[in-house]
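Below: the structure, in structure tokens.
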Amino acid sequence: MIAIISDIHGNYTALQAVLSKIDELKIKEIYCLGDVSGYYSRINECCDELRKRNVKCVMGNHDWYMASGSFCPRSKSANDCMVYQRKVITNENKEWIRTFPAVRFENGISMVHGGWINPIDEYLNPDEHYFEKIEGNIFVSGHTHVQRIDKFHNKIYCNPGSVGQPRDNDNRSAFAVYDNGEFELFRVEYDIEQVGKYMEQAGFCGYYYGCLRTGSKNLQW
């Protein structure tokens, strides 16, 4: 039995809640589908915890921005947060992020952040034809922040949703568990207002974290 998490985005409060549930389930093996970086203020705490637990990650688009010194072409607010994270992240944690591969194949599962055409930045909405020419039978990716499980003939796909910024109108943190050929989706409540307090301490107003209250994509107060 393994746990699959994704899109933590510096939200350590949410990560703590998810890891507590994973511990309760007595799961020791955890994989992260990228985007440890981005959006929220506690990047070092997230990296330190994942490193301590030996969580294996793949490279997300925000991780790539951090690792390469680049910025998001779609979002000024995301870039504002990246500027802050670059100021506070330790050299050890930045170097750790730089080690993330674009693709992993573990326990018979093909793992990327985005998709199998663009592993880092593809927003995937697969149909029955998508995986026909892709090697493997079990696939997981993140990036959309929306939980789902799809079965296409002899192939199965799972997006575990987002730990740190859900976008499916459910504000609870999301993750998935894989066991004996089947995925199960989980949701966990956490203290959203605590995240807001840490963001304010870092100099960010409610615009940057208001979406956490509704679990929606749009930033709002």
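Observations on the structure shown:
- Any hit, the range 111-123, residues being more than 18 Å from P101 (Cα to Cα) and touching a residue at least 24 places away in the same chain (Cβ under 8 Å): no
- Of all residues in the range 137-163 being assigned to a loop (DSSP other than H, G, I, E, B) and free of Cβ contacts under 8 Å to residues at least 60 places away in the same chain, the one that is surrounded by the fewest Cβ atoms within 10 Å (Cβ to Cβ): N154
Yes/no matrix, rows are residues, columns are (1) closer than 30 Å to I156 by Cβ; (2) touching a Cys at 6+ places or on another chain (Cβ under 7 Å); (3) at pLDDT 95 or above:
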{"site": "A176", "(1), (2), (3)": "yes, yes, yes"}
{"site": "D179", "(1), (2), (3)": "yes, no, yes"}
{"site": "E184", "(1), (2), (3)": "yes, no, yes"}
{"site": "Y190", "(1), (2), (3)": "yes, no, yes"}
{"site": "K197", "(1), (2), (3)": "no, no, yes"}
{"site": "Q201", "(1), (2), (3)": "no, no, yes"}
{"site": "F204", "(1), (2), (3)": "no, no, yes"}
{"site": "G210", "(1), (2), (3)": "no, no, no"}
{"site": "S216", "(1), (2), (3)": "yes, no, no"}
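- Enumerated helices (runs of 4 or more DSSP H) restricted to the range 1-99, each holding at least 1 residues that are hydroxyl-bearing (S, T, Y) and in contact with an Asp or Glu (Cβ under 6 Å, 6 or more places away or on another chain): 12-24
- Checking I120 against (1) more than 23 Å from N171 (Cβ to Cβ); (2) in contact with a strand residue (DSSP E or B) (Cβ under 9 Å, 6 or more places away or on another chain); (3) surrounded by fewer than 21 Cβ atoms within 10 Å (Cβ to Cβ), the condition it does not meet: (3)
- Candidates D7, D35, filtered to the one that is out of contact with any Ser or Thr (no Cβ under 6 Å at 6 or more places or on another chain) and either farther than 27 Å from G210 by Cα or surrounded by 24 or more Cβ atoms within 10 Å (Cβ to Cβ) (or both): D35
- Residue satisfying all of: in the range 43-88; modelled with pLDDT of 95 or more and of a type in the set (K, R); farthest from P101 (Cα to Cα) among these: K87
- Breaking point among (1) buried (at least 20 other Cβ atoms within 10 Å of the Cβ); (2) modelled with pLDDT under 95; (3) of a type in the set (V, I, T), for I134: (1)
- Checked against the criterion of being farther than 21 Å from L185 by Cβ and in contact (Cβ under 8 Å) with a residue 60 or more places away in the chain, the candidates C81, C72 yield just one match: C81.
- Taken as a whole, the structure places V103 among residues that are surrounded by fewer than 19 Cβ atoms within 10 Å (Cβ to Cβ) and touching a Pro at 6+ places or on another chain (Cβ under 9 Å).
- Hits in the range 182-221 - residues which are assigned to a loop (DSSP other than H, G, I, E, B) and either touching a residue at least 40 places away in the same chain (Cβ under 8 Å) or of a type in the set (D, E, K, R) (or both): E189, Y190, D191, A202, G203, F204, Y209, G215, S216, K217, L219
- Subset of the range 14-32 (residues that are under 15 Å from Q194 (Cβ atoms) and either crowded, with 24+ Cβ neighbours inside 10 Å or touching a His at 6+ places or on another chain (Cβ under 9 Å) (or both)): A14, L15, V18
The values are calculated or read from the model by the stated rules, or taken from the named source; none is laboratory data. Everything quoted here is computed from the prediction, not taken from an experiment. So basically every Cβ, Gly included, is an ideal-geometry build from the backbone, and we count neighbours across all protein chains shown.
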